[in-house]
1. For the range 94-103, does any single residue satisfy the condition of being surrounded by 15 or more Cβ atoms within 10 Å (Cβ to Cβ), more than 18 Å from Thr310 (Cα to Cα) and not β-branched (Val, Ile, Thr)?
2. State whether one or more residues within the range 327-334 are in contact with a Pro (Cβ under 9 Å, 6 or more places away or on another chain), modelled with pLDDT under 85 and not aliphatic (A, V, I, L, M).
3. Determine whether the range 154-163 contains at least one residue that is at pLDDT 85 or above, more than 20 Å from the chain's Cα centre (by Cα), of a type outside the set (Lys, Arg) and in the same structural domain as Arg83 (by TED's automatic domain parsing).
4. Check the range 199-210 and report whether any residue there is surrounded by 17 or more Cβ atoms within 10 Å (Cβ to Cβ), modelled with pLDDT under 90, in a helix (DSSP H, G or I) and small (Gly, Ala, Ser).
5. Scan the range 284-334 for residues that are crowded, with 17+ Cβ neighbours inside 10 Å, of a type in the set (Gly, Ala, Ser) and at positive phi and jot them down.
6. Which count do you get for residues in the range 192-215 that are more than 30 Å from Arg326 (Cβ to Cβ) and among the aromatic types (Phe, Trp, Tyr)?
7. Just one of Arg218, Arg242, Arg189 is modelled with pLDDT under 90, among the basic types (Lys, Arg) and either part of a strand (DSSP E or B) or within 30 Å of Asp325 (Cβ to Cβ) (or both); which is it?
Amino acid sequence: MGRIRRRGQLCLVAGALGLAGGLVWFLVGDAVDGPLGVTLYGVVASLTGVAYLWKARRPFRLRVDGFGITLHDAELAWEQIDRVALWHPPNTGENSVDTKPPKPHLRLWTAPGVTLSRRPDHTFDGLPRYTIVDCGDLDQSVSALTAELARHGGARFETAPRTVRLPVPVTRSGPERRIPGGEHHLAPRSRAGVWTAFWAASAAVCTFLLVQFVVHQRLIGPFALLPVATMGTLLSWPLAVRYFQRWRRPLRLRVGPEGIGMRKVAKQELFLYWDEIAAVTMGPEPFSKDARPWLVVWLLPGTTLRAAPTHLVDGHQAYALVRVDRLPGGAPAVRDAVQPYAGERYSEPLRPPL
């Protein structure tokens, strides 16, 4: 709980500075509202620091091993645990999309007849559930806790909602290393190269006509071509650049022994290694009314996609890679490319994740 202790110390320092600043301002200044505001900030920061330090003094222990999960006030063997999950609380709503979701909470569901000496969470399904700790308060990383839960928890470690996949053990090395043939690339046919040549030629002609008139004072063709050449120069160059980017970086799905790579049109490729992926599903995009199937990857806790928004579905991170009908062959071709490498990670949702 060193992080909580450090937060408390920082809050106390900020509070002391606020109180000192308010006092000095009150003694040397004429205003009243300013010193009172700074003093109030100092009081709030100091009280927050005291609360953090008090929380850090409370006994806490968390150990995950082959026996089960040991807390400072309880010991639970794996046989007494129905499931355990690292659950991300939403920022604004359960269907929020965020590039960086909050740190997950360690949640635990006990087996029938097993209770803990603490207040259970309020649930709508009536199953006994306990929130053990906010992972943001732990000194260890979420990835380290994920690795221990995957190592010892087996199928009890829930890494994707049960609405999209039944629980299976997290595999660090699956069939992806034993599939012959190398990577599979799926990319639709594009005419971006043709359009690049067309708009580049148009831009070159319009620019030539405009330069002849502006620089050399020579008009080629009727005067009515001048505004056309001006507008053509302004419009053709951006379009040529845009289609050139689309030509150089077309839509592409790449699946291989290392993982899954997805490149959207004119964007950098996003690549996910298999040991960062909890599950791969094909079904409707989360929280969308469109029933057309998407290829969706469910991330292991501790995996963060920079500048790539993820959905939070029942506390688990999901990233919609691509709508499969945009790729050649549609759903059957995507399934044939992904399923051999994904192995038990692959499933088609039991029902839409709404």
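The values are calculated or read from the model by the stated rules, or taken from the named source; none is laboratory data. Everything quoted here is computed from the prediction, not taken from an experiment. Here Cβ is always computed from backbone atoms with ideal geometry, including for glycine, and neighbour counts include all displayed protein chains.
1. Scanning the range 94-103 turns up no residue that is surrounded by 15 or more Cβ atoms within 10 Å (Cβ to Cβ), more than 18 Å from Thr310 (Cα to Cα) and not β-branched (Val, Ile, Thr).
2. no
3. Looking for residues that are at pLDDT 85 or above, more than 20 Å from the chain's Cα centre (by Cα), of a type outside the set (Lys, Arg) and in the same structural domain as Arg83 (by TED's automatic domain parsing), one finds at least one in the range 154-163, hence yes.
4. no
5. The answer is Gly302, Gly315.
6. 2
7. Residue meeting the stated conditions: Arg189.
The rows are residues; the columns are (1) of a type in the set (Gly, Ala, Ser); (2) free of Cβ contacts under 8 Å to residues at least 60 places away in the same chain; (3) within 18 Å of Glu348 (Cα to Cα); (4) assigned by TED's automatic domain parsing to the domain that holds Phe208.
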| residue | (1), (2), (3), (4) |
| --- | --- |
| Leu234 | no, yes, no, yes |
| Val255 | no, no, yes, no |
| Gly261 | yes, yes, no, no |
| Phe271 | no, yes, no, no |
| Asp275 | no, no, no, no |
| Arg292 | no, yes, yes, no |
| Arg306 | no, no, no, no |
| Val313 | no, no, yes, no |
| Ala320 | yes, yes, yes, no |
